[in-house]
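Report on the structure given below.
The values are calculated or read from the model by the stated rules, or taken from the named source; none is laboratory data. Just so we're clear, the structure is a prediction, and the values are computed from it rather than from any experiment. Virtual Cβ from ideal backbone geometry, glycine too; neighbours counted across all protein chains shown. Please note that ligands, DNA and RNA were not included when accessible areas were found on the heavy atoms of the full protein model with its side chains. Shrake-Rupley method; radii C 1.70, N 1.55, O 1.52, S 1.80 Å.
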Amino acid sequence: METVEQIRDRLLARFPAAAVAVVTNPGAAAEHALLLDATHAREIAEFLRDDPVLRLDYCSNVTGIDWPEKEITDTVKTTVADPAGGPAKVVETKTVRVEPGYFEAVYFLYSMAKKHGPVIVRLRTANRTDAVTLPSLTPVWRSCDFQEREIFDLFGIVFTGHPDLRRLLLWDEFVDHPMRKDYVEPDDYEWEPTAHGDVLARAQAHQAAVAAAAAAAPSAAMPVVNPTPSAS
Amino acid sequence: MTDAEREELRRHGILLTSLEELYNWGRSNSIWPIQFGLACCAIEMIAAATARFDIARFGAEIFRPSPRQADLMIVSGTVTKKMAPLVVRLWNQMPEPKYCIAMGACAISGGPFKQGYSVLKGIDRFLPVDIYIPGCPPRPEALLNGLIKLQEKIKGEKLTGPNAARHVRADVNNEHPIPEYGAHDLVPSKNTALWSPPAPPTA
Ligand code: SF4
């Protein structure tokens, strides 16, 4: 099978307007991926499926990744010649930049016809807050259907063009997307005998807060810390 | 007449029994469980029905695909909060007399997923459980043992008097409210008529 670089070069030749990049994976498996831009992802996916050399007719797995905003420190080493004639000094300048966060959908493509794969395709959202839309590849590979729904459910990526985008594992009324790294579990634990000290500590803090809220406003139906009426 | 005398008569081919005993014997040996599994424990339940463990020896082999024809609900597996209302609805659709076995750590307490946001911490919050079978998963033998325990319980049920069984009393309703889906949890998160949390430690 062609390498990812070869596929990228072919894609760039075929779709000159598209931005296709190779994301290298430094791990032992070295599963390098193709990063597609969202606007051309549908066309490129159809091309990957129908291209006679690749024939990637099967999408085995789709998964989501949350990449939160992170600080990256770049270190630049410069050699400064000593004006007094001594040995040159190496000066390190550090710059800190903030890489904005984004969500990623990762597709693993195989070819049943050609018996090769995987080719890994990644799509990235613009950010983690309001621009979380990606094109759905379910119209290209039917097997993406449930998996894109799962990603929508747990990460909150909205797939446009998906035929039936609903929550899959959680119920429709559920608020939030629990696989996001900044997800905070609702603080509604009841006290239960548990071996996990931090859970118990948290439950006790919750009980104290509920009791305080009840003492402060006995008529209030529900304390703020407890959105559901489970702990009493 | 003592039990020994009755045994003596039985050995001579004369069977003396009470209607209650006969009725309970018939019921306890023809339990029909609802064909319904939720997670890995259901695989053990299925194994209990295979030739090796043969739940048919206890008259419980007819797993009914309809709650209307079943009188035992084996809650075998993880009850997620998404599934819990449907479990309660199935229970409500079963006619009396009906019994509930909580099979495995998940059905009893949430098991390994106890502190998860999506798993119910025990089906006894919504259903009256008769038999708890611990284990993750319990082996088929454990399920059979639970079944025998349930049979003993059925055989001990009274048909008349103040301790009469639930199903012969008109004043007990064993239908339970079905919880709604809330923003994070089920609303209400438990049936307070059936279950209340243990008191927090005071120290
Ligand atoms: S108790 Fe263990 S085996 Fe049974 S459903 Fe839960 S995790 Fe699976």
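Side notes on the structure shown:
- Set of the stretch B:2-21 residues, backbone N closer than 20 Å to the point 7 Å along the Cα-Cβ line of B:His167: B:18-21
- Point-charge dipole on Cβ atoms (K/R +1, D/E -1) for the stretch A:1-153, about Cα centre, debye to 20: 300 debye
- Cα centre as origin, Lys/Arg/Asp/Glu Cβ charges: the stretch A:101-148 dipole, Debye: 260 debye
- A:Thr160/B:Ala183 FRET efficiency (R0 30 Å; Cβ-Cβ; nearest 0.05): 0.70
- Each residue of the stretch B:181-186 is assigned a 3J(HN,Hα), and the resulting list reads 7, x, 5, 10, 9, 6 Hz, derived from the Karplus form 6.51 cos²θ - 1.76 cosθ + 1.60 (θ = phi - 60°), x at Gly and Pro.
- Rolling a 1.4 Å probe over the heavy atoms of the protein chains gives the protein assembly as shown an accessible area of 52 Å² per residue.
- Modelled FRET efficiency - R0 45 Å, A:Val80 with A:Met112, Cβ distances, 0.05 increments: 0.15
- Interface burial in the stretch B:154-189 reaches 30 Å² or more for B:Tyr181, B:Ala183, B:His184, B:Asp185, B:Ser189, comparing the full protein assembly with the chain by itself; accessible area from heavy atoms with a 1.4 Å probe.
- Rounded percent of accessible protein surface that carbon and sulfur make up, chain B, 1.4 Å probe: 58 percent
- Chain B: relative contact order as a whole-number percent, Cα under 8 Å and 6+ apart: 20 percent
- With contacts taken as Cα pairs under 8 Å and at least 6 residues apart, the stretch A:145-189 reaches a relative contact order of 36 percent.
- Reduction of at least 50 Å² in accessible surface, 1.4 Å probe, comparing all protein chains with the chain by itself, residues of the stretch B:84-122: B:Gln115, B:Tyr117
- In order along the stretch B:131-139, the Karplus-derived 3J(HN,Hα) couplings, from 6.51 cos²θ - 1.76 cosθ + 1.60 at θ = phi - 60°, round to 10, 9, 10, x, x, 9, x, x, 6 Hz, and Gly and Pro are given as x.
- Spatial separation of Cα centroids for the stretch B:93-115 and the stretch A:103-169, in angstrom: 35 Å
- Across B:Lys81/B:Lys155; B:Lys81/B:Lys153; A:Lys181/B:Lys190; B:Lys98/B:Lys158; B:Lys98/B:Lys149, pairs whose alpha-carbon gap is larger than 24 Å: B:Lys81/B:Lys155; B:Lys81/B:Lys153; A:Lys181/B:Lys190
- Table column - 3J(HN,Hα) (Hz), the stretch A:141-149, Karplus curve with 6.51, -1.76, 1.60, x for Gly and Pro: 10, 4, 5, 6, 3, 5, 6, 5, 5
- Buried solvent-accessible surface, both chains (B, A), 1.4 Å probe, Å² to nearest 100: 2300 Å²
- FRET efficiency estimate (nearest 0.05) - Cβ-Cβ, A:Ala131 to B:Leu194, R0 60 angstrom: 0.80
- Zone of A:Thr95's modelled label, taken as backbone nitrogen in the stretch A:58-74 under 16 Å from a point 7 Å along Cα→Cβ: A:71-74
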